[in-house]
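Asks: For reference, the structure I am asking about is given below.
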């Protein structure tokens, strides 16, 4: 896992060469996100985030798009030609810690950016992917969205050849659905209580 982590990190920090231009410097929070475990991140709290360095203009990258909220760059270790990353300019280590407004801003650019990438690479499709958490393959702990151009019969994913099994409409499926709905309900209830508390605090201050 350590070798894989270092390979991915190196892929995002390329030596300056022809065609590379540094991104415009934008100040974001320093972070120790380039790690594959919580223990590592605690031991190295001052380790700088690879993507934050790119955003600040301290590391080179092929920039495709930029606005006040996010940046899109070419992945320098691509799964396919044109494989790109949409990155928020502020540092968030995971999808669940990223504010909904930032996720919305990133996702709202996907149709615009992906259409350009698909046309530029003569592709006909693309995958939209988020690796969230170590077990899901996340190795750079700064939220990012992958846009991966695809062509017919490119055989990119080994899993595409695996046989999928239909969902069994039995008690286990029903219990699973109930558990998910219960978690959603708890989350909504917690968010509502937090909002009420903020409103009450605001009224007291006023």
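Asks: Can you tell which of 73, 9 is touching a helix residue (DSSP H, G or I) at 6+ places or on another chain (Cβ under 7 Å), modelled with pLDDT under 90 and either assigned to a loop (DSSP other than H, G, I, E, B) or more than 30 Å from residue 187 (Cβ to Cβ) (or both)? Give the derivation first.
Replies: On the way: 73 fails: modelled with pLDDT under 90.
Going through 73, 9 in turn, just one is touching a helix residue (DSSP H, G or I) at 6+ places or on another chain (Cβ under 7 Å), modelled with pLDDT under 90 and either assigned to a loop (DSSP other than H, G, I, E, B) or more than 30 Å from residue 187 (Cβ to Cβ) (or both): 9.
Asks: Moving to a separate point now. Looking for something in a helix (DSSP H, G or I) and out of contact with any helix residue (DSSP H, G or I) (no Cβ under 7 Å at 6 or more places or on another chain) - is there at least one such residue anywhere in the stretch 164-171?
Replies: Yes.
Asks: Also: Do we have any residue at all in the stretch 17-26 that's modelled with pLDDT of 50 or more and in a loop (DSSP other than H, G, I, E, B)?
Replies: No, the conditions are met nowhere in the stretch 17-26.
Asks: Just one of 129, 176 is surrounded by 11 or more Cβ atoms within 10 Å (Cβ to Cβ) and within 16 Å of the chain's Cα centre (by Cα); which is it?
Replies: 129
Per-residue answers, yes or no, for (1) crowded, with 16+ Cβ neighbours inside 10 Å; (2) assigned to a helix (DSSP H, G or I):
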residue	(1), (2)
96	no, yes
107	no, yes
114	yes, yes
141	yes, no
153	no, no
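Asks: Would you tally the residues in the stretch 48-70 being under 20 Å from residue 100 (Cα atoms) and in a strand (DSSP E or B)?
Replies: Looking only at that region, the number is 2.
Asks: Continuing with this model, one more query. Given the conditions (1) under 21 Å from residue 72 (Cα atoms); (2) out of contact with any helix residue (DSSP H, G or I) (no Cβ under 7 Å at 6 or more places or on another chain), report the number of the one that residue 130 does not fulfil.
Replies: The one condition residue 130 does not meet is (2).
The values are calculated or read from the model by the stated rules, or taken from the named source; none is laboratory data. These figures come from a predicted structure and were not determined experimentally. As a convention, Cβ positions derive from the backbone with ideal geometry for all residues, glycine included, and neighbour counts pool all protein chains shown.
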